[in-house]
Amino acid sequence: MRHHRQERPDAAASGPIASPAGIGWGELGEAVQLLDLGRDALLCLDEQGRVVLSNRGAERIFGLGRSDMRGRRWDSLVTEAVPDALSRALEALDADSGLRTVSLDALGLHGRRWDGTEFPLEGSVSTLQLGGLRGHALLLRDISARIDAETRLRFLAHHDTLTGLPNRALLMDRLDSAVKRHRRQNESFALVFIDLDGLKAINDTQGHLAGDSALRGVADRLRQVLRASDTAARMSGDEFVAILEHIGDAAAARQAVERIGAYLEHAPVVFDGTPLDLRVSLGLALFPTDGGEPLTLLRHADEAMYRTKRARKACKERPA
């Protein structure tokens, strides 16, 4: 949300509003009080678009008392993504079209609190006519909690819950986009397959919490060593993948892989006072040299990683 600091408004600053005479606004005020138990905001506007009546829901949502809101124009409380969209909705109601209520849900509506904080809104606007008095009724609800929940669900659907990195589904989507983009631009990119060696031993000897710390350590180091344009993802278990955008040639790709490997192993992850010595095996595939499709590149990088792992194991077993 955007925050624009300003002084708390003075009700008088909006100009006085004439007290309605006779029936109409007074009777409506009694009806508005019946809506005070709800969480939605109700703003009753006169023909000039000024707030005449409001309920407690409006106080909660906008952070203003009723005396502060009275006399203020609606456009000091509500903004929309498309300029003048709400004005057009009011004009549609005022026209002789038979409309009585217009939904505002598709306008990207936002409310503005007294301190300048903006928040998403849904609701509707209706024609209001009482005797000789005309105006509009805005019924609004703050949907911040729902938007936050939807954002969180979308994140969880495409990210690994332990490390926060993109998961396999999001990786494959980004890999497919990288193939199409680099083919169109006639450029190369690298795919790096990364395996955390010894995770099973850590889990067996120090527990799964230690293993989780090791995985998070790899994820944190990948975030630090990769560029903003690159992608790091957790494939599954102890396997990670990195997409390195716009790699010039095979030599540049190998240098990048060596730099990543050194950075991943440069300092141990400490769990419960005990250092977890991280060792990784990396495999490289280069687009388009090693394949022009996502699955082909992934298979080549996986095979290269296993060659690295076997070579490291053979080196350890070789007698001095």
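What to note about this one:
- Segment 159-317: C-alpha gyration tensor shape, a/c 1.5 cut-off, then a/b vs b/c: prolate
- Between Ala81 and Ala252, the FRET efficiency estimated from the beta carbon spacing at R0 = 56 angstrom works out to 0.85.
- Residue exposure sequence - Thr101, Thr231, Thr117 - by fewest surrounding Cβ within 10 Å: Thr101, Thr117, Thr231
- Between Glu47 and Arg134, the modelled label-to-label distance comes to 0.6 nm, taking each label 7 Å out from Cα in the direction of the beta carbon.
- Ranking of Met69, Met172 by neighbouring Cβ atoms within 10 Å, starting from the fewest: Met172, Met69.
- Potential extension, Asp277-Ala311 segment - 0.36 nm per residue separation minus Cα distance: 10.3 nm
- Within segment 76-169, none of the GluC sites (Glu not before Pro) combine a DSSP coil assignment with at most 14 other C-beta atoms in a 10 angstrom radius.
- Cα centroid separation, segment 91-161 to segment 40-80 (Å): 13
- Considering every alpha-carbon pair of segment 227-320, the percent of pairs per 10 Å bin, from zero through the bin containing the longest distance, is 13, 42, 32, 11, 1.
- Estimated distance in nm for a label pair at Arg100 and Arg88, the labels positioned 7 Å out from Cα along Cα-to-Cβ: 2.5
- Between Thr127 and Asp173, the contour length at 0.36 nm per residue exceeds the alpha carbon distance by 11.8 nm.
- Full-extension gain in nm, Thr151 to Asp115, via 0.36 nm per residue minus C-alpha separation: 10.5 nm
- ³J(HN,Hα), Karplus 6.51/-1.76/1.60, whole Hz, each residue of segment 225-231, x for Gly, Pro: 8, 7, 6, 4, 7, 7, 10
Values quoted throughout were computed directly from the atomic coordinates according to the rules given, and no laboratory measurement underlies them. All values reported here derive from a predicted model rather than from experimental measurement. For neighbour counting, all protein chains shown are included, and Cβ atoms are generated from backbone atoms with ideal geometry for every residue, glycine included.
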